[in-house]
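The next block holds one structure in the form of C-alpha cells; read it before the comments.
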Amino acid sequence: MTVPEIRKTAVIGTGVMGADIAFGFAMAGYDVTGVDVESAQLDIAAKKISVNCQQLIDEGIFSEKQIGEINSRISLSLDWDEAVGNADYVTEAVAELMTLKKAVFKKCDEICRKDVVIASNTSSMSVTEFASEMKYPQRAISTHWIIPAHLSPIVEVVCGEETSTATKKLVFDLLTKIGKKPVSCKDSPGFIHNYVQFAMVKAALDLVERKIARPEDIDAVIRNGFGLRLSSVGPIQFVDMCGLDTILNIQKYMYGITNDPVYQPSRSIEKRVDNGDLGVKTGQGFYDYSENASEAFGEQTNRGIIKMRKALKQI
Ligand SMILES: NC(=O)c1ccc[n+]([C@@H]2O[C@H](COP(=O)([O-])OP(=O)(O)OC[C@H]3O[C@@H](n4cnc5c(N)ncnc54)[C@H](O)[C@@H]3O)[C@@H](O)[C@H]2O)c1
C-alpha cells in the first residue's frame, strides 16, 4: 500500500477522539467511515462534527460550501465489517483498555486486506502488546493524535517490535499529507506527550488534594505561566533559557525538602553544570547557542509570547 492508493479510511470508535479523527481525515480530503458499537455514540459524534463545522465557518477557515464537501466525505456506521473491511487505512480509537484493543486489532487483522495499516490512537499503551495476536503484526502501529484531534498538529508515531519500516514510512507520509506533524517515539508508557502531561496533572491534583491552592488558581497559574510560553519554548529549551545551574539549585532545594524523586537533581544537568555548560548564558546547554543562536532563541521566545498574548487579546 502507498499513500496515493489510500482512498477510504475507517475510524473505529466515535467517542471523544474518534469523531474528531474522522473529521481530520475528511478535512484533508479523505472518505472516512466512523464505526461504533453504540448507535447513541454515533448520534453524539454527528453532533460533535456539526459543532466542528460551525466553528470552522465562524472562524473563517472554511466556507459553507467547503464544509458541505467535508461533511459529504464522512459516514457514521454500526456496520463494522463493511466499514473496516473495505478501508485502505484504519485508525482504532476505542477505550484505553488492553483487552479491548487487542481484540479490535485481532479482528482488523482478520477482516482487512493484509496490506492495510492498522493504527491505534492509544494514549499510553504498547502496540507490541495489541499486535501480539495478529497474523500480520508488521502493519500495526500507534498514531497518538492529541485532543482536539482535528486541530492539534502533532501526532506521536510509535512502532511495535514487529512494525515494518514500510508501515512506518506510509504513516509518516500519510500524516504529513493530511497536514499533521508526525513525531517518532519509542514504545514506552505514555510516549512523550502523556509521560510529561501526566506528571503535570498529578502535581496539580496533588496541590488540590493538599489544599495548597484552589483549582481555579492552579489553572490560572499554569495557563498564564509556562502554559503561555510552551508553544514557543519546550521544557528542554526552558532549562537552557533559565540556566542549568539555577535549575539544579531549585531541584536540590525541592528534593531536600520533599524527598520526591520528581525533583531529584537530573544527571544530565549535573554533568553539564560540571562542564560549565549552563545553557543560553554560556552558549551551550542541551542545545548549541554558538553563532548567535542565543539571540535567535531569545527572539523566538519573546516574539512567540507577544504573538500569543496578542492572539489572546491580553496586550
Ligand atoms: N480523550 C482524550 O483526551 C484522548 C486523547 C488522546 C488519545 N486518546 C485515546 O483515544 C482512544 C479513545 O479514547 P476516547 O476518549 O475517544 O474514548 P471514548 O470512551 O470517548 O470513546 C470510545 C468509543 O469506542 C466505542 N467502542 C467500544 N468498543 C468498540 C468496538 N469494539 N468497536 C467500535 N467501537 C467501539 C465506544 O462505544 C465509544 O464510543 C483511547 O485509546 C484513548 O486513550 C484519548
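With respect to residue 154, is the statement that it is buried (at least 17 other Cβ atoms within 10 Å of the Cβ), aliphatic (A, V, I, L, M) and at negative phi true?
No, not satisfied.
Examine segment 181-190 for a residue that is over 30 Å from residue 27 (Cα atoms) and of a type in the set (A, V, I, L, M), and state whether such a residue exists.
No: segment 181-190 contains no residue that is over 30 Å from residue 27 (Cα atoms) and of a type in the set (A, V, I, L, M).
Name every residue in segment 246-260 that is assigned to a helix (DSSP H, G or I) and either β-branched (Val, Ile, Thr) or in contact with a helix residue (DSSP H, G or I) (Cβ under 8 Å, 6 or more places away or on another chain) (or both), in order of residue number.
Residues satisfying the conditions are 246, 247, 248, 250, 251, 254, 255, 257, 258.
Out of the residues in segment 268-315 that are among the hydroxyl-bearing types (Ser, Thr, Tyr) and outside any loop (DSSP other than H, G, I, E, B), state the one that is modelled with the lowest pLDDT.
Only one residue fits best here, namely 294.
Which number in (1) loosely packed, with under 13 Cβ neighbours inside 10 Å; (2) under 25 Å from residue 195 (Cα atoms); (3) not aromatic (Phe, Trp, Tyr) marks the one condition that residue 307 misses?
All conditions are met except number (2).
Consider segment 88-129. How many of its residues are under 17 Å from residue 36 (Cα atoms), over 23 Å from the mean Cα position of the chain (by Cα) and exposed (fewer than 15 other Cβ atoms within 10 Å of the Cβ)?
1
The values are calculated or read from the model by the stated rules, or taken from the named source; none is laboratory data. Because the structure is predicted, anything quoted here is derived from the model rather than measured. Backbone-built Cβ (ideal geometry, glycine too); neighbour counts: all protein chains shown.
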